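Structure first, commentary second.
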Amino acid sequence: MLRLKRNEENFNIDSVPIIKKIIEYIYSNYSQKISNEAVAKMFNFNPSYLGRIFKKHTGQTLHGFILSYRIEMAK
């Protein structure tokens, strides 16, 4: 079960299937070049809309989430 911090409380991302799929994609491909536009195209979203719904459900921007995950993996 994927869990993210959102406003100081645990947030169960499993309740939003498309966000879960995007996060799983990021986890699998973090070492590759990943852009907001490429992720949006892959999941058939407008990049702006994807950014809004990703932030709404995770509390982070898509770009920020990717960078944070890459930093964690580098540690």
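What to note about this one:
- Separation in nanometres of the label points that stand 7 Å from Cα toward Cβ, at residue 70 and residue 38: 1.0 nm
- For peptides 34-43, 65-74, sequence by mean Cβ density within 10 Å, most packed first: 34-43, 65-74
- Taking a straight line from the alpha carbon of residue 56, these lysines sit under 16 Å away, with near neighbours fewer than eight places off in the same chain left out: 5, 20, 21.
No lab work stands behind these numbers, since they all come straight from the coordinates. Quantities reported herein were computed from a predicted structural model and do not represent experimental measurements. When we count neighbours, we look across all protein chains shown, and the Cβ atoms used for this are built from the backbone with ideal geometry, even at glycine.
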